[in-house]
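What follows is a short report on a single structure.
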Amino acid sequence: MDHDQIAEHNVVERYVLGRLTSEEEERFEEHLLECPECRLQVEREDDFQDSLHTVAAEEAVRAAAQVGAIAWLGRRRGWLLVAALLLLAVLPLWLLRERSRLQGEIGQLQAALASPPTAPAPAPAAPSTPGGDPAEKEKLLAELTAQKDANSKLSEQLARLNRPQVNVPIFTLGFLRGDEGTANRVALGREPRWIVLSVELPPETAKSYRATLTTAGGKTLWEGDGLIPNADGTVTLSLDSGRLEPGPHRLRLTAVDAQGRTAPAGEIPFEVQRGAS
């Protein structure tokens, strides 16, 4: 197991959360014996998960106040809307985690700007440049601006999520049969908002599923595991529509049995379209 595989498949986080298969766990622990860098990442992830537990407790208190409303909606609109609302209740945890990561990177960049790297002593004939290398400082300023913009967008997402979620769009994605072509379409407005995808499962359902959302070119946009089948043979997931660019996408499903063994469960293509609203 190399560092590219570890980063691509979120191995450190899944190891701390106990979500690796026995084979993956054994291979990663063999790697840990020889890699102090990954051992440090595991320690940091442990600390971060401890802090998430505190946040989760606060979220649980607030979610408890909404149980009555969710139960009423479940009787009026069925299990699908209830599942969507429950999914939305846990999304602040992911957003808080992303904002914490971005704030940490901003702090590192600010520290680098405050203390420019020491350049080698110039030759006697070469004039010194006060304040460090201008090109390096300009690059750091550009990175800092980009991180602040990303943090600002994340704060906007948190603000949207803290508002009551009403009229949440629900899109059904199914396996294509015969000459259906690009039958799965997700029509979105120009402004980002939270949406729910109800995903059809193959006839023989597994204990749980892993879902990977990619562009047509293979770029991974989102990946998550622990998706439990619903009574009607579907799984539901929620995400910010801002992650989806217009064009073709694919949702790859992987079945996970009770022993943690995995097997491909199929791919569902769909087309994202954006309207004027």
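The values are calculated or read from the model by the stated rules, or taken from the named source; none is laboratory data. In this text, all values refer to a predicted model and were calculated from it rather than measured experimentally. As a convention, Cβ positions derive from the backbone with ideal geometry for all residues, glycine included, and neighbour counts pool all protein chains shown. All accessible areas refer to the heavy atoms of the entire protein, side chains included, with ligands and DNA or RNA removed. Shrake-Rupley method; radii C 1.70, N 1.55, O 1.52, S 1.80 Å.
Could you list, in sequence order, all residues of region 199-236 that are under 21 Å from the mean Cα position of the chain (by Cα) and of a type in the set (A, V, I, L, M, F, W, C)?
Correct list: VAL199, ALA211, LEU213, ALA216, LEU221, TRP222, LEU227, ILE228, VAL235.
Being part of a loop (DSSP other than H, G, I, E, B), exposed (fewer than 15 other Cβ atoms within 10 Å of the Cβ) and not charged (D, E, K, R) is the filter here, so list the residues in region 233-249 that pass it.
GLY233, PRO246
Which one of these does ARG250 not meet: (1) under 14 Å from PHE175 (Cα atoms); (2) touching a helix residue (DSSP H, G or I) at 6+ places or on another chain (Cβ under 7 Å)?
Here ARG250 clears every test but (2).
Going residue by residue through region 210-222, is there one that turns out to be touching an Asp or Glu at 6+ places or on another chain (Cβ under 7 Å), modelled with pLDDT under 90 and not aliphatic (A, V, I, L, M)?
Scanning region 210-222 turns up no residue that is touching an Asp or Glu at 6+ places or on another chain (Cβ under 7 Å), modelled with pLDDT under 90 and not aliphatic (A, V, I, L, M).
Of all residues in region 151-201, which are modelled with pLDDT of 80 or more, open to solvent by 80 Å² or more (accessible area, probe 1.4 Å) and not charged (D, E, K, R)?
Residue satisfying the conditions is THR172 alone.
Can you tell me which residue is farthest from THR21 (Cα to Cα) among those in region 205-222 that are touching a His at 6+ places or on another chain (Cβ under 8 Å) and not in a loop (DSSP other than H, G, I, E, B)?
THR215
Hey, can you tell me all the residues within region 4-43 that are part of a loop (DSSP other than H, G, I, E, B) and either surrounded by fewer than 13 Cβ atoms within 10 Å (Cβ to Cβ) or on the phi > 0 side of the Ramachandran plot (or both)?
ASN10, GLY18
Table: residues versus (1) of a type outside the set (D, E, K, R); (2) open to solvent by 20 Å² or more (accessible area, probe 1.4 Å); (3) out of contact with any strand residue (DSSP E or B) (no Cβ under 7 Å at 6 or more places or on another chain); (4) in contact (Cβ under 8 Å) with a residue 40 or more places away in the chain.
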residue: PRO203; (1), (2), (3), (4): yes, yes, yes, no
residue: GLY226; (1), (2), (3), (4): yes, yes, no, yes
residue: ALA231; (1), (2), (3), (4): yes, yes, yes, yes
residue: LEU251; (1), (2), (3), (4): yes, no, no, yes
residue: GLY266; (1), (2), (3), (4): yes, yes, no, yes
residue: PHE270; (1), (2), (3), (4): yes, no, no, yes
residue: GLN273; (1), (2), (3), (4): yes, yes, no, yes
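Provide a single number: the residues in region 253-264 that are open to solvent by less than 70 Å² (accessible area, probe 1.4 Å) and either touching a strand residue (DSSP E or B) at 6+ places or on another chain (Cβ under 7 Å) or in a strand (DSSP E or B) (or both).
Counting residues in region 253-264 that are open to solvent by less than 70 Å² (accessible area, probe 1.4 Å) and either touching a strand residue (DSSP E or B) at 6+ places or on another chain (Cβ under 7 Å) or in a strand (DSSP E or B) (or both) gives 5.
Within region 1-50, how many residues turn out to be among the charged types (D, E, K, R) and within 17 Å of VAL256 (Cα to Cα)?
5
Please go through region 205-224 and give me each residue that is open to solvent by less than 50 Å² (accessible area, probe 1.4 Å) and closer than 12 Å to ARG243 by Cα, ordered by number.
Passing the criteria: LEU213, THR214, THR215, LEU221.
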